[in-house]
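The values are calculated or read from the model by the stated rules, or taken from the named source; none is laboratory data. For clarity, every value in this text was computed on a predicted model and none was experimentally measured. In this analysis, Cβ positions are derived from the backbone assuming ideal geometry, glycine residues included, and neighbour counts consider all displayed protein chains. When the accessible area is computed, the model is the full protein with side chains, heavy atoms only, and any ligands, DNA or RNA have been set aside. Shrake-Rupley method; radii C 1.70, N 1.55, O 1.52, S 1.80 Å.
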Amino acid sequence: MHPLIAPVCEWYVGAARDLPWRRESCTPWGVMVSEFMLQQTPVARVLEPWRAWLERWPTPADLAAEPVGEAIRQWGRLGYPRRAQRLHNAAVSITTDHGGRVPETRDALRALPGVGDYTAAAIASFAFGRAEVVLDTNVRRVLARAINGDEFPPNAVTAAEKRLGATVMPVDGPFPAAMWAAASMELGALICTARSPACDRCPIADSCAWVAAGRPAHTGPPRRGQAFAGTDRQVRGRIMALLRESDIAVPRHRIATVWHDATQLDRALTSLLKDGLAVETDAGLTLPT
DNA sequence: CAAGCGTGGCA
DNA sequence: TTGCCAAGCTT
């Protein structure tokens, strides 16, 4: 057993947040919805939308029975509305191809729209207790610091990180792999954070390679940021907000009021139509049916 | 594989 | 204030 496992898991027992998708009563579908919503979105902003979503659609079949536009509308301001579209598509696939039950294996999960390596491993682990290497941004940062002595992991997941994750994951012993996955994520979220790590409260600070090295600043390629103001993303966001709030088709002249640059507006709208996040009728634009 | 994809809070 | 960051996925 890797020496990090016991202290991190024991810390987790006393420090874990009581998140609704971690409760025993939460269904695999509830776990899956949480994972989609948490992709690039903080926990605090997911709590209420998650509750409302599960109340409206308690099973994949409930969601699959409605138009994808309803999923996009219900998604609200969570951001990246294509996640709602893909979650709906995944619900349809689960209903038609998996008997209405969320698949249990990483490979079957990975085949669903919107489910990548991380989300497949996370659902298999948290919903079904399977032993999978769960590599999210938190775990990657914990491993980068504690084992490699780097402040931050590489920009994209590397083969070396996957090997390291597999090496550290417990195979037997007192701490299940799924517990390690949740505990190492929680450590990254609460203690070993990106901006201001609380090493004074960290259960593995005394064996952390980064702390031992004097917490050196990140070297190597700059971490890519995300511009937003003035980008097509911002324009798309404004258009989608308009469509979500309207029960009827929104004419193009009303769409035009949300952005000053007609060229950029047209580019954004065209991309939304291409992505299937909006559709055009004679009366104007609507969410897809 | 680097770039594109929303949104809001916090340092 | 502005930039960074938040349980990533797809092409």
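Residue A:211 fulfils the conditions (1) part of a helix (DSSP H, G or I); (2) aliphatic (A, V, I, L, M); (3) within 29 Å of residue A:68 (Cβ to Cβ) except for a single criterion, (3). From the list A:33, A:43, the lone residue that is under 13 Å from the mean Cα position of the chain (by Cα), without any contact (Cβ under 8 Å) to a residue 60 or more places away in the chain and within 16 Å of DNA strand B (Cβ to nearest atom) is A:33. Within the range A:60-82, the set of residues being within 16 Å of DNA strand C (Cβ to nearest atom) and among the charged types (D, E, K, R) comprises A:77, A:82.
Any residue in the range A:237-252 that is touching a residue at least 12 places away in the same chain (Cβ under 8 Å) and acidic (Asp, Glu)? No; the residues of the range A:237-252 include none that is touching a residue at least 12 places away in the same chain (Cβ under 8 Å) and acidic (Asp, Glu).
Take the conditions (1) more than 15 Å from DNA strand B (Cβ to nearest atom); (2) open to solvent by less than 20 Å² (accessible area, probe 1.4 Å); (3) not in a helix (DSSP H, G or I); residue A:153 misses just one of them, which is (1).
For the range A:247-289, the tally of residues that are within 16 Å of residue A:234 (Cβ to Cβ) and away from DNA strand B (no atom under 16 Å from the Cβ) stands at 3. Cβ-Cβ below 7 Å, separation at least six or inter-chain, first residue in the range A:213-228 and more than 12 Å from residue A:153 (Cα to Cα) and within 9 Å of DNA strand C (Cβ to nearest atom), second not in a loop (DSSP other than H, G, I, E, B) and not acidic (Asp, Glu): which pairs? Short answer, once both residue conditions are applied: A:228/A:234.
Residue-wise test of (1) within 14 Å of DNA strand B (Cβ to nearest atom); (2) within 30 Å of residue A:207 (Cβ to Cβ).
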| residue | (1), (2) |
| --- | --- |
| A:1 | no, yes |
| A:4 | no, yes |
| A:7 | no, yes |
| A:11 | no, yes |
| A:15 | no, yes |
| A:20 | no, no |
| A:50 | yes, no |
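Within the range A:76-103, the set of residues being open to solvent by 20 Å² or more (accessible area, probe 1.4 Å), in contact (Cβ under 8 Å) with a residue 60 or more places away in the chain and away from DNA strand B (no atom under 16 Å from the Cβ) comprises just one member, A:101. Could you say whether any residue in the range A:145-163 is within 25 Å of residue A:69 (Cβ to Cβ) and small (Gly, Ala, Ser)? For the range A:145-163, residues within 25 Å of residue A:69 (Cβ to Cβ) and small (Gly, Ala, Ser): absent. For the range A:230-239, the criterion of being more than 18 Å from residue A:142 (Cβ to Cβ), at pLDDT below 95 and outside any helix (DSSP H, G or I) is met by at least one residue. Scanning the range A:259-278 for residues that are more than 26 Å from the chain's Cα centre (by Cα) and crowded, with 16+ Cβ neighbours inside 10 Å turns up A:259, A:265.
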